[in-house]
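So the structure is just underneath, and the comments pick up after that.
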Amino acid sequence: MEASKLKLTDEFMPAKINRDNLKKIYEGKAKILYEFSGEEDKKDLLLTYFKDDATAFNGQKKGTIVKKGEYNNAISSSLFKLLKNKGINSHFIEKISEREMLTYHLKMLPIEFIVRNIAAGSLAKKMGVEEGVKFLSPVVELCFKSDELGDPMINKTYLKAFDICDPANAAKAEDIALNINEILSKFFDDNNIIVVDFKLEFGLYKNEVMLADEITPDSMRLWDKQTMEKVDKDRFRRDLGKVEEAYQRIVEITSKY
Ligand code: CDP
């Protein structure tokens with residue numbers, strides 16, 4: 001059965017989730033992943049729990065953003081639904097509680113796909129352009145996922161050379177990322193926000209390249225269209241204050257989905 005054709009049944013509803021069977025398989029900086037140990041009908045599923053913890057600069061700055069877990073679960077769920085409506089499959093199945101979503105268990109590509117529309121951060125410095133300059137077309141960067149190495153930027157020739165993943169799957173993911181960029185840029189623009197850049201991760205589900213991870217203000221740079229004020233995790237990274245308010249604004253904008 002193709003993932004896109006899988007249908008939710010009663011079995012996936014919160015009341016039917018037996019918490020005694022949840023087995024933690026991974027804890028990252030912002031999320032915890034659980035599998036449903038011993039439940040044959042849920043062997044392809046995961047439960048994702050969103051934490052309030054916030055880190056920046058490859059873990060050097062640590063803190064918490066009050067209720068971030070709830071905000072990011074709500075935002076990610078809404079954006080995955082929006083994308084689904086536009087024909088883009090993701091691992092998302094259902095938001096099952098304030099901080100939890102049910103997802104498919106994918107075989108992750110160890111790559112971060114960073115899509116950029118506007119110069120910010122390291123790219124502005126690298127290319128010697130002012131922050132805020134709009135590129136003539138979107139830039140896509142591939143980074144090899146490795147905390148140890150600081151997620152180094154790679155290009156397509158590394159994929160085969162270092163046996164990272166099938167280049168054809170990375171190419172598919174890149175196409176989907178650019179499509180997502182168009183959809184999200186339009187959606188946020190309609191809501192007075194500029195999508196500056198963002199990071200996506202993909203995985204394979206039954207051989208289909210599928211969007212995974214999260215889409216939240218943790219993983220995007222979002223600026224107010226009028227004031228250019230940051231409405232994302234840069235408020236935490238750079239101690240700009242009003243961090244929770246920024247996340248709340250994105251929850252409100254996305255809540256119609
Ligand atoms: O732009 P700069 O190189 O300074 O930072 P970056 O870490 O490459 O971030 C570019 C965009 O990707 C931002 O929207 C980050 O929030 C996002 N990103 C992320 O969510 N997770 C990462 N591990 C790296 C980048």
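Values quoted throughout were computed directly from the atomic coordinates according to the rules given, and no laboratory measurement underlies them. Just so we're clear, the structure is a prediction, and the values are computed from it rather than from any experiment. Methodologically, a virtual Cβ is constructed for each residue, glycine included, from the backbone with ideal geometry; neighbour enumeration extends over all protein chains shown.
Using +1 on the beta carbon of Lys and Arg, -1 on that of Asp and Glu, and nothing else charged, what's the dipole of the range 61-203 about the Cα centre, debye to 20?
140
For ASP147 and LYS160 in the same chain, what is the full-extension length gain: residue separation times 0.36 nm, less their Cα-Cα distance, in nm?
Extending this stretch completely gives an extra 2.6 nm.
At q = 0.16, 0.21 Å⁻¹, what is the base-10 log of I(q)/I(0) for the range 150-193 according to the Debye formula with one equal point scatterer per Cα and no solvent? Please give it to two decimals.
The Cα Debye sum returns log10 ratios of -0.58, -0.74.
With just the Cα atoms defining each centre, how far is the range 166-212 from the range 75-93? Give it in Å.
11
I'd like to know how the chain sits against the 2.2 N^0.38 Å rule of thumb: what's its Cα Rg over that expected value?
0.99
Evaluate the charge dipole of the chain about its Cα centre and quote only its size in Debye, nearest 20, assuming +1 on the Cβ of each Lys and Arg and -1 on the Cβ of each Asp and Glu.
320
Once you put a point 7 Å from the Cα of ASP53 and another 7 Å from the Cα of MET127, both along the Cβ direction, what distance in nm separates them?
3.4
What nm value, rounded to one decimal, do you get for the distance between VAL66 and VAL139 when each label is placed 7 Å out toward the C-beta?
Placing both labels 7 Å beyond Cα along the Cβ direction yields 3.7 nm.
In percent, what relative contact order does the range 129-257 have, based on Cα pairs under 8 Å that are 6 or more apart in sequence?
Relative contact order comes out at 13 percent.
For the chain, what is the mean residue ellipticity at 222 nm derived from helices alone (per DSSP H run of n ≥ 4: -39500 (n - 2.57); sum divided by total residues; nearest 500 deg cm²/dmol)?
It lands at -8500 deg cm²/dmol.
Relative contact order, percent, of the chain when contacts are C-alpha pairs under 8 Å separated by at least 6 residues?
Relative CO of the chain lands at 18 percent.
Under a 10 Å cutoff between Cα atoms, tell me which one of LYS172, LYS160, LYS145 has the largest fluctuation in the Gaussian network model of the chain.
LYS160
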